[in-house]
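So the structure is just underneath, and the comments pick up after that.
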Amino acid sequence: MNTRAKICDGAGDLLRANIEIHDRISGRYDQRHGEIFNDVEQPRLRQALERSIEIVSSNSEPRIALDFGCGSGNLTRHLLDLNLDVVASDVSEKFLALVRQRFGTSRLSTHRLNGNDLRPLSSESFDFIAAYSVLHHVPDYLYAVREMARVCKRGGVVYLDHEPPEHFWRENPGYVRFKAEVSRIDWKKFLIWGNYVGKVRRVFNPKFANEGDIHVWPDDHVEWGLITHELTSTGFELVFEEDYLLFRRGYYRDVYERNKDKFSDMRLMVFRKR
């Protein structure tokens, strides 16, 4: 059995779990994810998107973006504001309904992902393809990247963001000290019943994650080197990459500011199709 066959063998259960979880939490997603929706991360994201859109050279009008794994519409909102037409895609119909409700416009359409590939989306049909904090949810994330490459126009851009870099998985005593110093005690987490359920389930399955995360472990994580090889071997060039220190809700701001240039725990990579 080849590697992809092995991955796909158990992908159905992982996909169903992801859909069930995200359908259930769709209306509370923004409140649960203070590491995304805060006044440090959102400006960083906006600036990175602006910079990446500037390098698109597909000469299409209007430019069409695919928000791969749109969730509650974090990227969709920015992409619409930056004058792109957007196809917001997700495996969760509840998320897609939320996005339609939030951003109802003729420049927005939605697409239900099948969790395997990007059919029936046509090859070379998008100028900008973005995935933010998504790849670690996808059973075969390398195949997903391959599909992004397929539907990207020549001169178009693939934008991949908010996944840890390789060095994150190697112990760094300085980063450990930073985490201990920067984090307040989050009392709200003690009021979330799902956290207790998760603790019990991890007794029987150490890799159980409350929100269906898959590739978030030292021995199973998103590998940027493999992503780079996948894209460069299919005609893409790496235009820029950036490692950054994510700001999370509950961080002491002064501690974060003192350390943001010393450590990094997230990566952005942007590729353009030749």
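The values are calculated or read from the model by the stated rules, or taken from the named source; none is laboratory data. All figures in this text were calculated on a predicted structure; none of them were measured in a lab. Glycine gets a Cβ as well: all are built from the backbone with ideal geometry, and neighbour counts include every protein chain shown.
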Exercise for the section: Determine whether Ala144 is among the small types (Gly, Ala, Ser) and touching a residue at least 60 places away in the same chain (Cβ under 8 Å). Expected result: yes
Handout entry: Of all residues in the range 68-88 being surrounded by fewer than 24 Cβ atoms within 10 Å (Cβ to Cβ) and under 16 Å from Ser122 (Cβ atoms), the one that is farthest from the chain's Cα centre (by Cα)
Key = Asp85
Practice task
Answer yes if at least one residue in the range 169-181 is at pLDDT 95 or above, under 18 Å from the mean Cα position of the chain (by Cα), of a type outside the set (A, V, I, L, M, F, W, C) and not in a helix (DSSP H, G or I), and no otherwise.
Solution key: no
Exercise for the section: Hey, can you tell me all the residues within the range 72-101 that are among the charged types (D, E, K, R) and not in a helix (DSSP H, G or I)? Expected result: Asp85, Asp90
Practice task
Within the range 152-167, track down each residue that is of a type in the set (D, E, K, R) and either within 19 Å of the chain's Cα centre (by Cα) or buried (at least 19 other Cβ atoms within 10 Å of the Cβ) (or both).
Solution key: Lys153, Asp161, Glu163, Glu166
Fill in the blank from the handout: Exactly one of Thr234, Thr228 is free of Cβ contacts under 8 Å to residues at least 60 places away in the same chain and surrounded by 15 or more Cβ atoms within 10 Å (Cβ to Cβ), and that one is Thr228
Handout entry: Single residue of Asp117, Asp127 found to be in a strand (DSSP E or B) and of a type in the set (Asp, Glu)
Key = Asp127
Exercise for the section: Could you look through the range 250-274, keep only residues that are farther than 21 Å from Arg51 by Cβ and of a type in the set (Asp, Glu), and pick out the one that is surrounded by the fewest Cβ atoms within 10 Å (Cβ to Cβ)? Expected result: Asp254
Practice task
Quick one: in the range 48-62, of everything that is among the acidic types (Asp, Glu) and not in a loop (DSSP other than H, G, I, E, B), which residue is nearest to Ser109 (Cα to Cα)?
Solution key: Glu50
Exercise for the section: Kindly indicate which of Asn83, Asn116, Asn74 is polar (S, T, N, Q) and within 17 Å of Gly27 (Cβ to Cβ). Expected result: Asn74
Fill in the blank from the handout: The number of residues in the range 220-252 that are over 30 Å from Ile185 (Cα atoms), in a loop (DSSP other than H, G, I, E, B) and out of contact with any helix residue (DSSP H, G or I) (no Cβ under 8 Å at 6 or more places or on another chain) is 1
Handout entry: Where Val270 falls short, out of the listed (1) at pLDDT below 95; (2) β-branched (Val, Ile, Thr); (3) not in a helix (DSSP H, G or I)
Key = (1)
Handout entry: the range 182-191 - residue that is assigned to a helix (DSSP H, G or I) and surrounded by 10 or more Cβ atoms within 10 Å (Cβ to Cβ) and, of those, modelled with the lowest pLDDT
Key = Lys189
Exercise for the section: Evaluate the following for Gly104: is it in a loop (DSSP other than H, G, I, E, B), surrounded by fewer than 18 Cβ atoms within 10 Å (Cβ to Cβ) and among the small types (Gly, Ala, Ser)? Expected result: yes
Practice task
Please tell me if Ala65 is assigned to a strand (DSSP E or B), surrounded by 19 or more Cβ atoms within 10 Å (Cβ to Cβ) and under 16 Å from the mean Cα position of the chain (by Cα).
Solution key: yes
